[in-house]
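The values are calculated or read from the model by the stated rules, or taken from the named source; none is laboratory data. Please read these numbers as outputs of a predicted model, since none were measured by experiment. Please note that ligands, DNA and RNA were not included when accessible areas were found on the heavy atoms of the full protein model with its side chains. Shrake-Rupley method; radii C 1.70, N 1.55, O 1.52, S 1.80 Å.
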Amino acid sequence: MLDAEPWIQCFPAAASPTTPWTVLFFPHSGGSAGSYQHLAAQLADMARTACVQYPGRAERQGEPLFADVHVLADQMAEVLARVREGGPVIFFGHSLGAVVAYEVVRRMPDQRQIVLVVSGHPAPSRIRLPALDSVSERSEDPDEPLIDLIRSLGGADTELLGHPVLRRMFLPVIRGDLMAHSRYHPEADSAVSCPVVALMGAMDPLTNSADVQAWGQHTSLSLRVHRLPGGHFFTNEHTEEVADILRRIMATDLKTPRVRS
């Protein structure tokens with residue numbers, strides 16, 4: 001359904017899914033399709049799963065990194081317009097991936113069979129991210145603020161900091177992603193016409209309840225919020241719980257009225 005190399009990498013299915021759903025993952029800063037293999041495996045019995053592969057990493061490491069979320073969303077929307085078939089789809093984006101997924105959905109002409117799941121990110125109208133380039137200019141070591149930020153948030157990427165070769169490969173990618181993220185601003189009064197489900201970690205330093213609830217201002221339909229234990233990368237710590245939430249979405253008829261929470 002989503003055969004669109006190099007932009008989309010499909011995860012192998014262990015068995016035929018029991019529903020017509022597709023789940024498309026949008027990675028966090030520095031993330032790649034490989035970052036979502038475990039979560040995708042949890043859903044193999046219910047959905048076809050695939051992940052967006054941003055330029056500049058993994059198989060696309062020879063390509064320039066993206067510098068503008070809006071341009072990236074334009075490109076992804078064009079790809080999906082060519083390859084998307086019928087059937088309901090969950091767009092799942094974590095951190096940076098949340099606003100990329102949101103902007104891609106905004107560009108989709110028919111959003112009736114889409115559910116947007118935004119994870120670990122405040123509403124677009126509530127973003128308060130530091131400009132990483134200006135922070136680096138005030139430090140003797142330009143990598144120090146970035147390394148401190150990565151370590152403070154945790155996640156699998158912190159393991160790369162201990163390997164000099166991997167660190168040299170990884171830091172430019174995450175720096176580019178974070179700079180593009182810090183420059184992102186939504187269009188005034190922007191919104192989607194599909195249900196939004198927001199996930200947040202109870203100890204995530206980048207979000208709070210008010211900022212996550214504000215996602216309700218960016219959809220003409222409904223918002224549901226799920227608060228899980230953990231920090232920014234609670235999705236890694238509680239993969240089964242996240243998968244259960246996605247399964248419940250897929251078990252619900254899109255035509256059923258949804259209630260804000």
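Observations, loosely collected:
- Share of carbon and sulfur in the accessible heavy-atom surface of the stretch 55-111 [1.4 Å probe, %]: 49
- Ligands, DNA and RNA are left out, and with a 1.4 angstrom probe the accessible area of the stretch 1-134 is 38 Å² per residue.
- Heavy-atom accessible area with a 1.4 Å probe sorts 119, 16, largest first, into 16, 119.
- Rolling a 1.4 Å probe over the heavy atoms of the protein chains gives the stretch 170-258 an accessible area of 44 Å² per residue.
- Stretchable slack from residue 125 to residue 248, in nm (0.36 nm times residue separation minus alpha-carbon distance): 41.5 nm
- Dimensionless Rg ratio for the stretch 1-92, taking C-alpha atoms and the 2.2 N^0.38 Å reference: 1.06
- Distance from the stretch 172-244 to the stretch 7-27 (C-alpha centre basis), Å: 21
- Rounded if a/c under 1.5, otherwise prolate or oblate - the stretch 72-115, Cα gyration tensor axes: oblate
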